[in-house]
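As structure tokens, the structure follows; a few thoughts come after it.
The values are calculated or read from the model by the stated rules, or taken from the named source; none is laboratory data. Since the structure is predicted, the reported quantities are computational estimates derived from the model, not experimental observations. As a convention, Cβ positions derive from the backbone with ideal geometry for all residues, glycine included, and neighbour counts pool all protein chains shown.
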Amino acid sequence: MNLILKTTNYVYTFAGYEDERALCQLEMRSFFGTDSDNGILKSPINIDPSRSPFMKERIAIIYEGESLEELIKQVAGLNLEGETFKVMYVKHGSADRFESRRSLERQIGLKINGVADLHQPQRVFGVVHVNGRWMFGDYLKSESVWFRHQQKPNQYSTALSTRIARAVVNIALPNPTGMKAIDPCCGIGTVLVEALSMGINIVGSDRNPLVLRGARENIAHFGLSCEVKLADIRAIHQDYDVAIIDLPYNLCSVITPEEQLEMLQSARRFARKAVVVTVESIDEILVQSGFQIADRAEIRKGSFTREVLVCL
């Protein structure tokens, strides 16, 4: 892809359910070091929007200005050298009417030295108005990869949803390059599928032999692969950069506070960082195990609540 100018900033838009807002903001903080209340965020950090279940789109900024007129003057210097293009106004919040967006798209498109193609353009440009400034750049729409993963051979009633699992993976590994991760209570492999689909180096284990076959089948169903072995978290000795731990809680996996402490002490031994998902307060147990809680989010679904804890 040919860029006219070197891109140094990106604009992201977000959408999600109200009961997942805290998780969305935790994912933002993990990716960007900051979050946003208005569904839009500008950052110099480049993230593929398809990684996140909450990101709608990304604009890689080429031009920006304080007024629309200033932006249009800059866009007039854009020469696509025969490439076809399309311009989209990126709506966020309860902003413009449909008609005004289309008028703006035509106004900007007429200034671009290229061939407009609304159906199969070689490049798609986005225009957005953020905090009093107009921005223009290459547009990329998010693909809901997590949604496809809902249709897996094996389901488990208490497993994380694919949306939550994908966000948890991003919170644990915002920059996975060179990182090695483990899900030591992997269950049917929901977290493993999301991580592997993003190219993350991860392995899984569980002490319940009945779920491991389902985990392996789910992973293979999407053309993915990783090591999934029968092992208790307390028997893991290899070192990892990150552990993602969805603590067992259903009637078939009742564990005592003492067992929780042993599990988390083991994680402290083999992982430098842990992201823990729990349905009950375990702050004191985490502190006893040697972890410090660096950040957190609460997810509600009716009367059911989960906490996601980032532990260092």
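Data overview
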{"quantity": "Checking ALA215 against (1) touching a Gly at 6+ places or on another chain (Cβ under 7 Å); (2) of a type in the set (Gly, Ala, Ser); (3) outside any helix (DSSP H, G or I), the condition it does not meet", "calculated": "(3)"}
{"quantity": "The lone exception for ILE255 - which of (1) within 18 Å of THR190 (Cβ to Cβ); (2) part of a loop (DSSP other than H, G, I, E, B) it fails", "calculated": "(1)"}
{"quantity": "Subset tally (residues that are of a type in the set (Lys, Arg) and assigned to a strand (DSSP E or B)) for the stretch 110-152", "calculated": "3"}
{"quantity": "Residue selected from the stretch 107-129 under the condition surrounded by fewer than 18 Cβ atoms within 10 Å (Cβ to Cβ) and aliphatic (A, V, I, L, M), by the criterion modelled with the highest pLDDT", "calculated": "VAL124"}
{"quantity": "Any hit, the stretch 113-123, residues being closer than 28 Å to VAL279 by Cβ and out of contact with any helix residue (DSSP H, G or I) (no Cβ under 7 Å at 6 or more places or on another chain)", "calculated": "no"}
{"quantity": "Looking only at the stretch 14-54, and only at residues there that are within 13 Å of the chain's Cα centre (by Cα) and either assigned by TED's automatic domain parsing to the domain that holds SER197 or polar (S, T, N, Q) (or both), the one that is surrounded by the most Cβ atoms within 10 Å (Cβ to Cβ)", "calculated": "SER52"}
{"quantity": "Matching residues, the stretch 203-218, being buried (at least 17 other Cβ atoms within 10 Å of the Cβ), more than 15 Å from LEU160 (Cβ to Cβ) and of a type in the set (A, V, I, L, M)", "calculated": "VAL203, LEU212"}
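Rundown of residues vs (1) modelled with pLDDT under 95; (2) in a loop (DSSP other than H, G, I, E, B); (3) at negative phi, yes/no style:
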| position | (1), (2), (3) |
| --- | --- |
| LEU5 | yes, yes, yes |
| GLU20 | yes, no, yes |
| CYS24 | no, no, yes |
| THR34 | no, yes, yes |
| ASN38 | yes, yes, yes |
| ILE47 | no, yes, yes |
| SER50 | no, no, yes |
| ARG58 | no, no, yes |
